[in-house]
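Enquirer: Could you have a look at this structure, given as structure tokens, before my questions?
The values are calculated or read from the model by the stated rules, or taken from the named source; none is laboratory data. The structure presented is a predicted model; accordingly, all values stated were derived computationally and were not measured. Note: ideal-geometry Cβ built from the backbone for every residue, glycine included; neighbour counts use all protein chains shown. For accessibility, only protein heavy atoms count, side chains too; no ligands or nucleic acids. Shrake-Rupley method; radii C 1.70, N 1.55, O 1.52, S 1.80 Å.
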Amino acid sequence: EVQLQAFGGGLVQAGGSLRLSCATSGFVFDDYAISWFRQAPGKERESVTCMSRVDGIWYYDDSVKGRFTISKDNGKKSAYLQLTRLNPEDSAVYYCAAKIGYCHDSRYSQDYWGRGTQVTVSS
């Protein structure tokens, strides 16, 4: 059974930090690109970043560049997103997703999705 589970979200004040984790199972982890997406109320789900064996760290959205960092641990079959210097505009449900091969920033291109974890940043 393929599973992706994002966790680590919560409530944080502006300027604070959180570390999100994505635990996976049921597929060959390093054969897949791992992306983080987020979706705020009333907005489309948007790509935040992606990492794969093929691409390395392929992409950061301009809104998070320099503040968020993606990483992965192949042994644990887990990916992580370190969020720093958070602001209220970062508030969203954050999802991890997996796509065979290389990174792509479209929400329509992902093969597997986790259920997401809520990040709320207060001003």
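Enquirer: If I ask for residues that are part of a loop (DSSP other than H, G, I, E, B) and small (Gly, Ala, Ser), which ones from the range 1-16 would you list?
Expert: Answer for the range 1-16, where residues must be part of a loop (DSSP other than H, G, I, E, B) and small (Gly, Ala, Ser): 8, 9, 14, 15, 16.
Enquirer: For residue 47, which of the numbered conditions (1) part of a strand (DSSP E or B); (2) at pLDDT below 95; (3) of a type outside the set (D, E, K, R) fails to hold?
Expert: Among (1) part of a strand (DSSP E or B); (2) at pLDDT below 95; (3) of a type outside the set (D, E, K, R), the lone unmet condition for residue 47 is (2).
Enquirer: Looking at the range 63-85, I want the residues that are free of Cβ contacts under 8 Å to residues at least 24 places away in the same chain and over 14 Å from residue 96 (Cα atoms) and have a partner that is of a type in the set (S, T, N, Q) and open to solvent by less than 50 Å² (accessible area, probe 1.4 Å) with Cβ atoms under 6 Å, at least 6 apart or on another chain. Which pairs are those?
Expert: Qualifying pairs under 6 Å: 67/84.
Enquirer: Could you pull out the residue among 71, 63, 78, 52 that is of a type outside the set (A, V, I, L, M), closer than 17 Å to residue 119 by Cβ and either in contact with a helix residue (DSSP H, G or I) (Cβ under 9 Å, 6 or more places away or on another chain) or surrounded by 13 or more Cβ atoms within 10 Å (Cβ to Cβ) (or both)? Break it down into steps so the answer makes sense when it comes.
Expert: Numbers: 71 fails: closer than 17 Å to residue 119 by Cβ; 78 fails: closer than 17 Å to residue 119 by Cβ; 52 fails: closer than 17 Å to residue 119 by Cβ.
Exactly one residue qualifies, and that residue is 63.
Enquirer: Separate question: Does the range 21-29 contain at least one residue that is open to solvent by 50 Å² or more (accessible area, probe 1.4 Å), closer than 20 Å to residue 111 by Cα and without any contact (Cβ under 8 Å) to a residue 12 or more places away in the chain?
Expert: yes
Enquirer: Mind checking which residues of the range 113-122 are under 16 Å from residue 7 (Cβ atoms), out of contact with any Lys or Arg (no Cβ under 8 Å at 6 or more places or on another chain) and surrounded by 17 or more Cβ atoms within 10 Å (Cβ to Cβ)?
Expert: Within the range 113-122, the first condition is being under 16 Å from residue 7 (Cβ atoms), and the residues that meet it are 113-120.
If we keep only those that are out of contact with any Lys or Arg (no Cβ under 8 Å at 6 or more places or on another chain) too, we end up with 113-118, 120.
Listed by number, the residues that qualify are 113, 114, 116, 117.
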